[in-house]
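The structure under discussion appears below in the form of structure tokens.
The values are calculated or read from the model by the stated rules, or taken from the named source; none is laboratory data. Computed from a predicted model, the values in this text were never measured in an experiment. Every residue, glycine as well, gets a Cβ built from its backbone with ideal geometry; the counts of neighbours run over all protein chains shown.
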Amino acid sequence: MEIRKVQVTGGSSFVITLPKEWADKQKVKKNDPLGLVVQPDGTLLVTKDLAETPLQREKVFDVTSVKDPRFLFRLLIASYIAGYTAFRVASRNRLPSAVRLAVRDFSQMTIGPEVIEETENAILLKDLLNPGEMPLDNTIRRMYVIAKNMHIDAMNVLESGNGSLAADVIARDNDVDRLHWLIARQTHIILKNPSVGRRMGVDPSLVVNTYNISRIIERIGDHGVRLARNAQNVPPGSLNGDLYAALRQAHTLSLSIFDKSIHCLFTKDIRGADANIEKTRELVATCRTLGELSLRENPSSAIILRDIAESIRRAGEYAGDISENVINMLIGEE
């Protein structure tokens, strides 16, 4: 850290000199305008980029020797989350169809990247979405609605045995994933380029907390998938009335915890969040009773029902974790 003394000119203006090494590196010349931005912690940011242009970065993947397209897909997702704005997949030879399929899957599974150029041995994708155009609150709300409806429909599969509905629940998990990846991407971009956060009106600490909540909702969605897969293996009408009623009771309680957590998040209700965390104890006890009832079924059904009870419990406990994040966030804002 360089220490520089503040000087006063004209009797009222405070002046401080800029480090010459920094000025030379930024190519600052006499009479050049500089931007001054006050940070939340009181520090002052000096920038030459008055328009605060988003950083453009390209990631190149040489897939000449790539044998596993799934590995390429994971690399593309990682580069997307890391904030790259262009993705070039190239090979010294003709691109295999499996590689093109992985690139297409990446484009469909993410929000923003589109193929803008394609040849026999290269594909170029660019992110056409301005990250500031997708408010974090809206994304969280949409994730919540999708994940909640996945759980509701998964329980309907348990009652009806509707295989098509189960498949639809499983497919919707992709929508939750792509929204979670978008928030992860926005988090990385904002932490690297605070100007994006200023344009979106969010503090870096808030975006980190939002990412944590997004990750929790993504896990709740995963348990919706697990619930649907198990539910379609239970023959319709095979459950006795007491067991089905206990399943419904546990599931209703689990979703009520989820609902309350999201409500407390957007209303900034710290006491409500605390009370909601306590409800997870009731859920655990209910699911324990549910597990005991499932033991009265035949062994194959008992295993499936215990897995269903586990997904209901885990989803509710994850929802309780959202309330914990709400408390942490609100205390940090005081």
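Some points to look at:
- Candidate set from region 20-32 (those that are over 40 Å from the mean Cα position of the chain (by Cα) and part of a loop (DSSP other than H, G, I, E, B)); member that is nearest to Val46 (Cα to Cα): Asp32
- The residues listed here are Phe266, Phe258; of these, the one that is in contact with a Phe, Trp or Tyr (Cβ under 8 Å, 6 or more places away or on another chain) and not charged (D, E, K, R) is Phe258.
- With respect to being in contact (Cβ under 8 Å) with a residue 24 or more places away in the chain and either assigned by TED's automatic domain parsing to the domain that holds Ala171 or within 20 Å of Asn193 (Cα to Cα) (or both), Arg57 fits the description.
- Of all residues assigned to region 263-282, none qualifies as being exposed (fewer than 13 other Cβ atoms within 10 Å of the Cβ), at pLDDT 80 or above, assigned by TED's automatic domain parsing to the domain that holds Asp173 and more than 25 Å from Ile213 (Cα to Cα).
- Neighbours by Cβ (under 6 Å, 6+ apart or cross-chain): first from region 99-112, in the same structural domain as Leu72 (by TED's automatic domain parsing); second among the β-branched types (Val, Ile, Thr) and crowded, with 17+ Cβ neighbours inside 10 Å: Val99/Val63; Val103/Val89; Val103/Ile123
- Unmet requirement for Gly11, which otherwise passes all of (1) modelled with pLDDT under 80; (2) farther than 30 Å from Leu206 by Cβ; (3) surrounded by 11 or more Cβ atoms within 10 Å (Cβ to Cβ): (3)
- Restricting region 50-82 to residues that are under 29 Å from Gln26 (Cβ atoms) and at pLDDT below 90, the residue that is farthest from the chain's Cα centre (by Cα) is Leu50.
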